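> One structure follows; several queries about it will come next.
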Amino acid sequence: MKKIIISIGMLAVMGLSGNVKSQTIIASGICGGEGDGSNLTWVLEKIGSDTVLTISGSGAMADYLGNAILPPWWPSGDYFSYRYTIKTVIIGDSVTSVETLPFGLLV
């Protein structure tokens, strides 16, 4: 499956020795703009020392700017501070549109 990768920094999942770095899911949820929103899901995870946000599923993302709501990976919970440490965003090839607001403060 082909993926579009938006890299804010280089992510090395494999070390030079070929060992996989530790991986921990921080949070996950839905972020779709169709029906109940379950057409797209998001996963925020730590891989080694990097934070990765993956959007997958099929169809369009929710309209966060038009609805004046924050993206689900921004809420004031335990993972709020991770939004500034996200190094890589992976968007699945069946995602047809994304909003700019959810990614505006990642840089």
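Here, each number is a calculation from the coordinates, and none is a lab measurement. On a predicted model such as this, the values are computed, not experimentally measured, just so you know. Don't worry about glycine lacking a Cβ; one is built from the backbone with ideal geometry, like all the others, and counts go over all protein chains shown.
> Please give the length that would be gained between Ala60 and Trp74 if that part of the chain were fully extended, namely 0.36 nm times their separation in residues minus their C-alpha to C-alpha distance (nm, one decimal).
3.1 nm
> Still on this model: Between Lys46 and Thr100, what is 0.36 nm times their sequence separation minus the Cα-Cα distance? Round to one decimal in nm. Don't skip to the answer; put the middle values down first.
Details: separation 54, 0.36 × 54 = 19.44 nm, distance 2.28 nm.
Length difference between fully extended and current span is 17.2 nm.
> Still on this structure, please answer the following. Take each of the peptides 26-32, 51-57, average the number of other beta-carbon atoms within 10 Å over its residues, and list them starting from the highest. Display every interim value, and only then the final one.
Details: 26-32: 17.1, 51-57: 20.6.
Listed from highest to lowest mean packing, they are 51-57, 26-32.
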